[in-house]
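Please read the structure below before turning to the comments.
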Amino acid sequence: MKKFFPQTILILIIVVFISFKKQAKHLPFTIHYSQTDTILFPGEKHFKNVQQLTFGGDNAEAYWSYDSKYIIFQRRNPKAGLMCDQIFIGKVPQKPGDKFEYRMISNGKGRCTCSFFTKDGRHVIYASTYLNADSCPPVPDRSKYGNKYIWPLYDSYDIFMADLNGKIIRQLTHAKGYDAEGTLSPDGKKMIYTSDKDGDIDLYIMDLASGREKKVTSTLGYDGGAWFSPDGKKIIWRASRPKTSEEIKEYKDLLAENLVAPVNMEVFVANADGSQAHQVTHFGEANWAPAFFPDSKRIIFASDYKYKRGFPFDLYMINEDGSDLSQVTHSNTFDAFPMFSPDGKKIVFCSNRNNGGTHDINIFIADWVE
């Protein structure tokens, strides 16, 4: 992952693989990537009036405010001196051609991820490591783990609430461990987030007013990137489910080192209290960044299931019962982090498209066409 720092690591891994394209003859697979710079590809019939909002750097996890007027996102751009992900907000252009202007709202310390507006529009939440150190936390050496996809679960991550001037007014989580990937319910009263504080990577729902919370997953595996449905009756998330003794051992060994290898993830849905959880996708590979449509019935998500090499990622739509799978994007690059605006008119997503042959990930919005 919104859907989540882990999502940023996934992006960086993809970028690393793309950067190896000149050495492809030394790799066990061939990397194919799009040479075409465009913001709309043939077959993307659900998009109209596509606008690119950012240009350069890694811009990810862009999510709407409740009034559908602003977005909040995380950004990293080493060329500009921004070495760690920080949180930014900006007003969405009213018409094509208007400039998207944004500003940093996090404090510039540590690494940040997984931001979200509050219901009142005057505050935001996000996860940060800044209490541990001003500097960026170290990235794991993947060569020690067979160059597998590895995400760090920094135990210095906690979730904070800040005002729109960037002043942190409240620390929402305090447990020793990884606390991140927070999003809020449609009424703004509850936060669902991911934590490994009880020994596994599970989902928790917190009442923001009282601080009381409930653990809503308990099956072994990584549960994360969760959202409430627009009607508030369901939750949706991505999860890994190690089954064999070998898979379980690998999962537990990595978790003991505050790491996870999210190579195989599927989309799950449950009632808002965690009951009646069921698996939606059964495709293998990485199916992640799921979100409900405005109707709270259909689902949009990112997946690489067609490509055993783990790339590219496309957006797909599917019914909650797993029927009517349909591909939404066709850029042959990286398309992920979809979210419909609360008014149901637009969609925001992040993509490698139209980046001039660089590795940049940018933010795009479009009118949604049924």
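The values are calculated or read from the model by the stated rules, or taken from the named source; none is laboratory data. What you are looking at is a predicted structure, and each value in this text was computed from that prediction instead of being measured. Reconstructed Cβ throughout: ideal geometry from the backbone, glycine too, with neighbour counts over all protein chains shown. Heavy atoms of the whole protein, side chains included, go into the accessibility calculation; ligands, DNA and RNA do not. Shrake-Rupley method; radii C 1.70, N 1.55, O 1.52, S 1.80 Å.
What's the FRET efficiency of N319 with S210 using the Cβ-Cβ distance as r and R₀ = 41 Å, to the nearest 0.05?
Efficiency for this residue pair is about 0.70.
Sorted on the mean count of surrounding Cβ atoms within 10 Å across their residues, most packed first, peptides 113-120, 74-81 read 113-120, 74-81. For segment 93-178, the ratio of Cα radius of gyration to the globular rule of thumb 2.2 N^0.38 Å stands at 1.36.
Show me the three semi-axes of the equivalent ellipsoid for segment 81-138, from the C-alpha gyration tensor (sqrt of 5 times each eigenvalue), largest first, rounded to whole Å. Don't jump to the answer; show the numbers that get you there.
Numbers: eigenvalues 129, 45, 11 Å².
Working through the eigenvalues yields semi-axes of 25, 15, 7 Å.
Checked against a 18 Å cut-off, the cross-linked pairs K189/K297; K144/K306; K119/K189; K176/K243; K48/K345; K144/K176 give Cα-Cα distances beyond that limit for K189/K297; K144/K306; K176/K243; K144/K176. The share of Cα pairs per 10 Å bin across segment 272-319, counted from zero up to the longest distance, runs 25, 48, 23, 4 percent.
At 1.4 Å probe size, with every protein chain present, just tell me what the per residue accessible area of segment 71-211 comes to in Å².
Accessible area per residue: 43 Å².
Counting only protein heavy atoms, what percent of the accessible surface of segment 246-306 is carbon or sulfur at a 1.4 Å probe? Whole-percent figure for carbon plus sulfur exposure: 48.
Phi angles of segment 212-221 translate, via the Karplus equation with coefficients 6.51, -1.76, 1.60 and θ = phi - 60°, into HN-Hα couplings of 5, 9, 9, 7, 10, 10, 8, 7, 4, x Hz per residue; Gly and Pro are given as x.
More than 38 Å apart: what percent of Cα pairs in the chain qualify? Here the tail beyond 38 Å accounts for 9 percent of pairs.
Would you mind getting the accessible area per residue of segment 228-370, heavy atoms of the protein chains only, 1.4 Å probe, in Å²? In whole numbers, segment 228-370 has 38 Å² accessible per residue.
Cysteine residues of the chain whose Cβ has no partner cysteine Cβ closer than 4.7 Å: C112, C114, C350.
Here the 3J(HN,Hα) profile of segment 336-349, calculated from phi with Karplus coefficients 6.51, -1.76 and 1.60 at θ = phi - 60°, is 7, 6, x, 8, 7, 5, x, 7, x, 8, 10, 10, 10, 7 Hz, Gly and Pro shown as x. Dipole check for the chain: with +1 at the C-beta of Lys and Arg, -1 at the C-beta of Asp and Glu, and the Cα centre as origin, the magnitude is about 680 Debye. Comparing segment 170-257 with the 2.2 N^0.38 Å rule of thumb, its C-alpha radius of gyration ratio is 1.15 (two decimals).
The tail of the calculated P(r) for segment 29-144 beyond 24 Å holds 41 percent of all Cα-Cα pairs. How many percent of Cα pairs in segment 228-347 exceed 26 Å? Here the long-distance tail beyond 26 Å is 24 percent of all Cα pairs in segment 228-347.
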